[in-house]
Amino acid sequence: MTSQRGAVPDSANPDVVLVGGGIMSATLAALFGVVAPQWDVVVFESGADVAGESSDAWNNAGTGHAALCELNYTPAGPHGRVDPAKAVTINEQFQVSRQFWSHLVREGMTGSPKEFITPVPHVSFVTGEDGRAYMRARHEALAAEPLFAGLEYADDPARLAEWIPLMMEGRDPRQVVAATRSVAGTDVNFGTLTRLMLDDAGDRGVPVHLNQRVQHLERDTDGRWRVTVEDTVSGERRIVRARFVFVGAGGGALPLLQRAAVPEIRGFGGFPVSGKFLRTTSPELVSRHQAKVYGQAAVGAPPMSVPHLDLRLIDGDHSLLFGPYAGFSPKFLKAGSMFDLPRSVRPNNLGSMFGVARTEMALTRYLVRELLQTPAARHQTLTHFVPDADENDWDMITAGQRVQVIKRDPATGRGVLQFGTELIVGGDGSIAGLLGASPGASTAVSAMLTLLERCFPDRIPAWRPALREAIPSYGRSLSDDPALLAQVRADTMQTLELNG
Ligand SMILES: Cc1cc2nc3c(=O)[nH]c(=O)nc-3n(C[C@H](O)[C@H](O)[C@H](O)COP(=O)(O)OP(=O)(O)OC[C@H]3O[C@@H](n4cnc5c(N)ncnc54)[C@H](O)[C@@H]3O)c2cc1C
């Protein structure tokens with residue numbers, strides 16, 4: 001367990017302050033350990049433990065997003081063609097994460113890789129003639145890509161019954177079905193991974209201070225950031241002065257960056273959506289569903305609403321999760337305040353916020369529909385995936401809060417809702433923060449590498465050899481280098497024990 005390592009002296013002048021103990025800060029702490037091990041890095045976490053918000057295993061779906069099964073990365077284009085480009089980018093990013101996690105394991109990060117990553121086949125599933133035509137086109141586009149080698153296609157119900165028996169039992173035999181499957185998929189416990197990375201950083205001298213909420217960030221005349229930290233237990237406040245600050249506060253990033261008056265945050269807003277999942281721990285059901293299966297989002301529904309039925313492996317226990325169902329709460333963090341949303345509305349983002357309310361009618365309709373859903377309607381949605389589902393087997397759990405990014409479209413001046421992540425860099429590269437939640441934890445390493453490149457461009461040439469040693473594909477494309485891809489795949493499979 002990560003522990004608070006002593007109080008922070010008032011006069012502390014660390015090189016780096018990482019705000020928040022989630023997967024993003026943990027990843028950045030690990031990357032600094034590679035490129036600048038001599039730097040004085042400090043983590044402040046407002047909660048009583050690290051990884052208590054979105055990075056906790058039960059607060060996210062644990063999918064190692066590599067675009068193997070998520071259909072939103074491969075929408076049908078003109079004439080039904082599918083462009084694989086976005087899926088290739090996401091897969092490349094996940095390969096970067098796998099390489100870095102392998103590096104940390106090789107360098108002695110404690111714990112077995114099985115504690116945080118497990119092979120679980122990734123399946124995409126559709127119904128109907130249109131769905132089948134789309135699935136064929138998607139398979140054709142992806143199977144030609146080296147990163148998707150081995151992706152299988154099937155529309156024979158008997159074959160699908162071997163892949164996903166729980167989903168095929170009780171299904172109308174006349175229904176047209178189609179699926180792809182990749183056995184290269186994974187389930188990731190991002191909570192455990194975060195803890196292991198921060199424990200490892202702690203062993204290298206990076207203190208992780210718990211119950212310490214960063215209240216304010218202010219630029220000093222000498223360029224350092226005055227970081228005001230409040231002890232959430234004693235109420236005591238102290239100030240540390242850092243050369244560089246990363247606001248890895250998840251849903252808490254937007255308000256902190258607003259308070260820091262970073263000009264780059266102007267015009268940005270956030271819209272919180274909470275996720276709920278149905279969960280079963282029935283060994284009988286789990287034994288008949290050994291995959292993560294993603295379907296298609298309803299027409300007009302946002303990408304985060306894609307329904308999926310996932311095998312989860314958390315702390316040695318197996319379960320199935322189905323969802324997400326959306327909920328609304330104005331909080332930006334699960335442990336946040338009901339005033340988070342109203343307080344985030346500022347004169348500089350008022351236009352974006354109200355613009356979105358006008359333009360994103362599809363999202364509004366989706367949320368209203370979701371909020372009005374009765375338990376019976378939720379069960380009905382589950383039966384699209386598990387025709388014979390018995391509601392007594394399933395409980396509802398509440399996952400993490402996603403704060404979707406609202407930003408001003410420079411072309412129209414109107415607010416637009418974004419479903420990806422947005423790296424905000426301000427103060428001449430001396431402060432950065434991450435907004436948004438998708439593709440999220442899976443691509444944390446790529447997100448933090450981008451941060452290093454944008455905040456420390458002058459140092460990258462000196463850092464490149466160390467980064468290449470930790471991440472052999474750093475700065476290269478695995479798609480264009482079959483030999484490197486084969487080597488990276490073999491290395492990561494062995495080190496992360498993904499061979500079964
Ligand atoms: C429902 C749901 C499903 C998801 N599914 C997946 C998935 O399947 N695969 C995937 O890759 N990603 C998924 N994600 C996204 C992923 O969980 C997030 O992108 C990722 O966990 C974000 O990590 P983080 O470190 O930025 O934030 P967090 O994990 O939220 O960490 C932020 C930390 O900062 C702390 N904090 C906040 N404010 C302050 C402050 N002022 N001072 C000090 N500390 C502070 C918080 O307590 C928290 O511990 C999902 C997210 C949700 C909500």
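Summary of computed values
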read-out: Which listed residue is over 22 Å from F116 (Cα atoms), touching a strand residue (DSSP E or B) at 6+ places or on another chain (Cβ under 9 Å) and in a helix (DSSP H, G or I), from R464, R454, R468; value: R454
read-out: Single match in A48, A57, A76 (criterion: within 29 Å of F322 (Cβ to Cβ), small (G, A, S) and within 11 Å of the ligand (Cβ to nearest atom)); value: A57
read-out: Subset tally (residues that are in a helix (DSSP H, G or I), in contact (Cβ under 8 Å) with a residue 40 or more places away in the chain and surrounded by fewer than 23 Cβ atoms within 10 Å (Cβ to Cβ)) for region 60-86; value: 2
read-out: Selection status of R312, surrounded by fewer than 19 Cβ atoms within 10 Å (Cβ to Cβ), basic (K, R) and within 15 Å of the ligand (Cβ to nearest atom); value: no
read-out: Residue identified as surrounded by fewer than 20 Cβ atoms within 10 Å (Cβ to Cβ) and over 25 Å from L18 (Cβ atoms) among A261, A298, A291; value: A298
read-out: Number of the exception - P307 against (1) open to solvent by less than 20 Å² (accessible area, probe 1.4 Å); (2) within 15 Å of the ligand (Cβ to nearest atom); value: (1)
read-out: Elements of type strands (runs of 3 or more DSSP E) contained in region 248-348, each with 1 or more residues being acidic (D, E) and either touching a helix residue (DSSP H, G or I) at 6+ places or on another chain (Cβ under 6 Å) or without any contact (Cβ under 8 Å) to a residue 60 or more places away in the chain (or both); value: 317-327
read-out: The lone exception for R238 - which of (1) more than 16 Å from the ligand (Cβ to nearest atom); (2) of a type outside the set (F, W, Y); (3) modelled with pLDDT under 95; (4) in contact with an Asp or Glu (Cβ under 7 Å, 6 or more places away or on another chain) it fails; value: (1)
read-out: Odd one out for L160 among (1) within 17 Å of P121 (Cα to Cα); (2) surrounded by 19 or more Cβ atoms within 10 Å (Cβ to Cβ); (3) in contact (Cβ under 8 Å) with a residue 40 or more places away in the chain; value: (3)
read-out: Single unsatisfied condition, D40 versus (1) modelled with pLDDT of 95 or more; (2) closer than 16 Å to G440 by Cα; (3) surrounded by fewer than 24 Cβ atoms within 10 Å (Cβ to Cβ); value: (2)
read-out: Verdict on E422 being open to solvent by 10 Å² or more (accessible area, probe 1.4 Å) and either touching a helix residue (DSSP H, G or I) at 6+ places or on another chain (Cβ under 7 Å) or assigned to a strand (DSSP E or B) (or both); value: yes
read-out: Residue list for region 226-247, restricted to those being surrounded by fewer than 20 Cβ atoms within 10 Å (Cβ to Cβ) and either assigned to a helix (DSSP H, G or I) or of a type outside the set (G, A, S) (or both); value: R226, T228, E230, D231, T232, V233, E236, R237, R238, I239, R241, R243
read-out: Of all residues making up region 478-496, the number that are open to solvent by 20 Å² or more (accessible area, probe 1.4 Å) and either in a helix (DSSP H, G or I) or touching a strand residue (DSSP E or B) at 6+ places or on another chain (Cβ under 8 Å) (or both); value: 12
read-out: Cβ pairs under 7 Å, 6+ apart, first in region 382-406 and open to solvent by less than 70 Å² (accessible area, probe 1.4 Å), second away from the ligand (no atom under 16 Å from the Cβ) and hydroxyl-bearing (S, T, Y); value: A389/T383; D393/T280; D393/S282; W394/T280; I406/S352
read-out: Tabulated pairs, region 219-236, first closer than 14 Å to P14 by Cβ and free of Cβ contacts under 8 Å to residues at least 60 places away in the same chain, second open to solvent by less than 40 Å² (accessible area, probe 1.4 Å) and away from the ligand (no atom under 15 Å from the Cβ), C-beta under 9 angstrom, 6+ apart or interchain; value: R226/D220
read-out: Residue match in region 435-443 (condition: under 13 Å from the mean Cα position of the chain (by Cα), over 17 Å from V19 (Cα atoms) and assigned to a strand (DSSP E or B)); value: no
read-out: Residue tally, condition farther than 26 Å from F277 by Cα and open to solvent by less than 40 Å² (accessible area, probe 1.4 Å), over region 349-381; value: 5
read-out: Residue in region 267-277 that is open to solvent by less than 10 Å² (accessible area, probe 1.4 Å), touching an Asp or Glu at 6+ places or on another chain (Cβ under 6 Å), within 14 Å of the ligand (Cβ to nearest atom) and over 19 Å from R213 (Cα atoms) present; value: no
read-out: Residue count for region 320-343, restricted to those that are modelled with pLDDT of 90 or more, within 26 Å of S46 (Cα to Cα) and open to solvent by less than 10 Å² (accessible area, probe 1.4 Å); value: 1
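The values are calculated or read from the model by the stated rules, or taken from the named source; none is laboratory data. The model shown is predicted, which means the values in this text are computed figures rather than measured ones. For neighbour counting, all protein chains shown are included, and Cβ atoms are generated from backbone atoms with ideal geometry for every residue, glycine included. When the accessible area is computed, the model is the full protein with side chains, heavy atoms only, and any ligands, DNA or RNA have been set aside. Shrake-Rupley method; radii C 1.70, N 1.55, O 1.52, S 1.80 Å.
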